[in-house]
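Read through the structure below, which is laid out as structure tokens, and then see the notes.
The values are calculated or read from the model by the stated rules, or taken from the named source; none is laboratory data. Because the structure is a prediction, the values reported are computed rather than measured. Positions of Cβ are generated from backbone atoms using ideal geometry, with glycine treated the same way; all protein chains shown enter the neighbour counts.
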Amino acid sequence: MLLVKNSRLSIVIALGLVLAFAACKKGWKDHNDSTDPNLGMNLITAIKADPEAAQFVTLLTKTGYDKVLEGSKSYTVWVPNNSAIASLPANVLADTNLLKSFVGNHITNGSITSGIAGIQRVPMLNGKFTNLNNLQLDSASIVKSNKYCSNGLYNLMDKFVPVKDNCWQWLLNSTGFTSSKNFFLSLNYTYFDSASATQTGVDPNTGQPVYKPGTGLSTRNRFLDNVMNVSDESGEYTFIILNDASFAAENSKLTPWFKTTSVDTTNNLAGSWLVKDLAVKGSYAAAQLPDTLVSQYGVKVPVDKTKILSSIKTSNGWVHTMSQVNFTLANKFPPIIIEGENPNGFAADRTAQLLFRNRLNPGTGQNFKDILMQNYSFASYWVRYLARNVNSMRYNAFWVAVNDVQTTPLWTQRLAVDSTNTVGNFAYITVPYQNYTEVSLGQFTVPRYKNLDLYLIGANTSSSSGGSVSIALDYIKLVPAF
């Protein structure tokens, strides 16, 4: 019986090998029998042989890209047909730099196959990126696809792809949005880049390089560095630009919450808080815009399409100019959360009594971290926390402080703001057993925009046993009270 089974298995394996060999042999025969003449030509020769590409060939020659395409390196070219090139603006044809950028906007390194569903961001030779989706490059339809040559492939299209500004370039070149533009430009700063500086020697005392004065200086922008780099060609963004009246109105709504000793500083802080939510990742045309966008900071950005003044397609997304983006203060100023396990200082070294814990909230089923100290033998012991960049406004304070260690005695603790001596509305509160919910502590006012010290203070007595002198904290929450 075993012999029969093995014989059948041998027959199946042998048959599979025969079929595989036949399929492989047919694949090689199809490859060898290909009569596509382009396979024996480089790209420039093949494109020159296509009568529908004659006008683009003229531009390739004029810009020197014909020499690029006759080399051994692999490229993909999207060729606008003759009728498409006939509609090319005269200013592009007349300007050498514009023309070279235009031609480079249709060529990429490597072999990229058209006809694949899904958006591909294609980096072009002029530094721009363009979306390829199936048989569509930007808004141009590919009418003749994947013509393979010895050093790449080309496609023929019914339109050309214009060279567009990216979102940031559009802003820099815009007119009529003076307030927004001037504010974004005010965020420019100069930095030193040693890679682009001219070295003149080496300091004999420090061994550090010496650079020629004035070299290596470049301009950067804090919005692009710290918020969202809408000049990045490889990504796609939606960028909202407010007209002058709307920028002034929204900025005025924010200035009371950024009180400082300087009017200019206050205005700069308010402006930064305004624009940080005006750019989001993803490309949304006007028709695709939802009624609410969410910024990377979790802030809801209301979108009233009737307030859109214009929508501009850029090389990396969309710019929408608007006459109003009516932020609500509650969305613009979310609660501040200070985690108990991230202290910034202690009244004294009590490492032996300090615990950072991983716990489970039985009510929510969620894990959390907290801090617990017991029997630290120090009256009014405090743990300091730093809340950075706190706005000038009233806050309602809450905490979650979990006592899951003892039913008796129950300890007391309190919150203090700015100083350990500050009492205000914050009295000592008993920390009950097994309470995992927020407890209201009271309200206080921050008179000016600043970094704020918060102190978690233990009972005004000392003990080294029994747990009557303890401190626990999951988090402190400061909720704006407008």
Inset, instruction - Kindly provide the set of residues from the stretch 42-79 that are within 15 Å of SER111 (Cβ to Cβ) and of a type in the set (Lys, Arg), ordered by number. - result: LYS73
Legend entry - The lone exception for THR175 - which of (1) modelled with pLDDT of 95 or more; (2) not in a strand (DSSP E or B) it fails: (1)
Legend entry - Leading residue by the ranking (surrounded by the fewest Cβ atoms within 10 Å (Cβ to Cβ)) among those in the stretch 137-152 that are touching a Leu at 6+ places or on another chain (Cβ under 8 Å) and not hydroxyl-bearing (Ser, Thr, Tyr): VAL143
Inset, instruction - Could you pull out the residue among VAL469, VAL479 that is closer than 25 Å to THR255 by Cβ, in contact (Cβ under 8 Å) with a residue 24 or more places away in the chain and of a type outside the set (D, E, K, R)? - result: VAL479
Legend entry - Single condition MET228 does not satisfy, out of (1) assigned to a helix (DSSP H, G or I); (2) hydrophobic (A, V, I, L, M, F, W, C); (3) crowded, with 17+ Cβ neighbours inside 10 Å: (1)
Legend entry - Residue that is in contact with a strand residue (DSSP E or B) (Cβ under 7 Å, 6 or more places away or on another chain), surrounded by 13 or more Cβ atoms within 10 Å (Cβ to Cβ) and at pLDDT below 95, where the choices are GLY466, GLY424: GLY424
Inset, instruction - Pull up the stretch 79-138, narrow it to residues that are in a strand (DSSP E or B) and among the hydroxyl-bearing types (Ser, Thr, Tyr), then point me to the one that is farthest from the chain's Cα centre (by Cα). - result: THR108
Inset, instruction - Take SER231 and decide whether it is touching a Leu at 6+ places or on another chain (Cβ under 9 Å) and within 22 Å of LEU185 (Cα to Cα). - result: yes
Legend entry - Out of THR76, THR61, sole residue that is more than 20 Å from THR130 (Cα to Cα), surrounded by 12 or more Cβ atoms within 10 Å (Cβ to Cβ) and of a type in the set (Ser, Thr, Tyr): THR61
Legend entry - Selection status of ALA401, surrounded by 15 or more Cβ atoms within 10 Å (Cβ to Cβ), closer than 22 Å to TRP257 by Cα and touching a residue at least 60 places away in the same chain (Cβ under 8 Å): no
Inset, instruction - Taking the residues in the stretch 313-337 that are polar (S, T, N, Q) and within 22 Å of the chain's Cα centre (by Cα) as candidates, determine which candidate is surrounded by the most Cβ atoms within 10 Å (Cβ to Cβ). - result: ASN316
Inset, instruction - Would you be able to say whether some residue in the stretch 204-217 is among the hydroxyl-bearing types (Ser, Thr, Tyr) and either touching a Phe, Trp or Tyr at 6+ places or on another chain (Cβ under 7 Å) or under 27 Å from PHE129 (Cα atoms) (or both)? - result: no
